[in-house]
Amino acid sequence: MSDERLELLQGTLEMLVLKTLALEPMHGWGIAHRIQSMSRDVFLVTQGSLYPALVRMRRRGWVKTAWRLTEKGRRARYYELTTAGRRTLTTQHTAWERASAAIDHIMSVRTWAPEGA
């Protein structure tokens, strides 16, 4: 595990939360822990960024909530993906693939000459 954690790129937190919730409904701490685990401890999601994102996503209709008991018997608000959230995840994932492929291409360029030169 690296001691160096990266900040999430602008706009990626919501996409990662949507992906996490596509796997199963979870409470906030579980979402943060799952993202950290799936990123192999590269990303650390703080409560200060996660909960405002969850509020925005709920207002947009991407997630719904319900109170449930955790594995340890505590009451917690669980977040679950809605149909609109699944559509948004698909759209964001497609945009991410396109953008990351373009970035990969730019980063692999060794020399550059303008087209038509």
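Throughout, read-outs are computed from the coordinates displayed, never taken from laboratory work. Being a predicted model, the structure only gives us computed values, none of them experimental. Cβ: placed from backbone, ideal geometry, glycine included. Neighbour counts: every protein chain shown.
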Given unit charges at Cβ for Lys, Arg (+) and Asp, Glu (-), the dipole magnitude of the chain about its Cα centre in debye, nearest 20, is 800 debye
Restricting to Cα pairs under 8 Å and 6 or more apart, the percent relative contact order of the chain works out to 26 percent
For T82, the residues 5 or more places away or on another chain with a placed amide H closer than 5 Å to its own amide H are V63, K64
So for R0 = 22 Å, FRET eff. of H33-W67 from the Cβ-Cβ r, to 0.05, ends up at 0.70
Against the 2.2 N^0.38 Å rule of thumb, the C-alpha Rg of the chain sits at a ratio of 1.30
Under 5 Å from the placed amide H of L44, counting only residues 5+ away or on other chains, we find L6
Exposed trypsin sites (Lys or Arg not before Pro) being those in a DSSP loop with at most 15 other Cβ atoms within 10 Å, the longest stretch of the chain free of them is 75-109
Which residues qualify? For T70, with a placed amide H closer than 5 Å and at least 5 residues away or on another chain, they are R75, A76
Charge dipole of segment 12-100 built from unit charges on the beta carbon (Lys, Arg +1; Asp, Glu -1), centred at mean Cα; most positive-end Cα among T91, V55, I31 is V55
Per-residue ellipticity at 222 nm attributable to helices in the chain (runs of n ≥ 4 DSSP H, -39500 (n - 2.57) apiece, nearest 500 deg cm²/dmol) works out to -17500 deg cm²/dmol
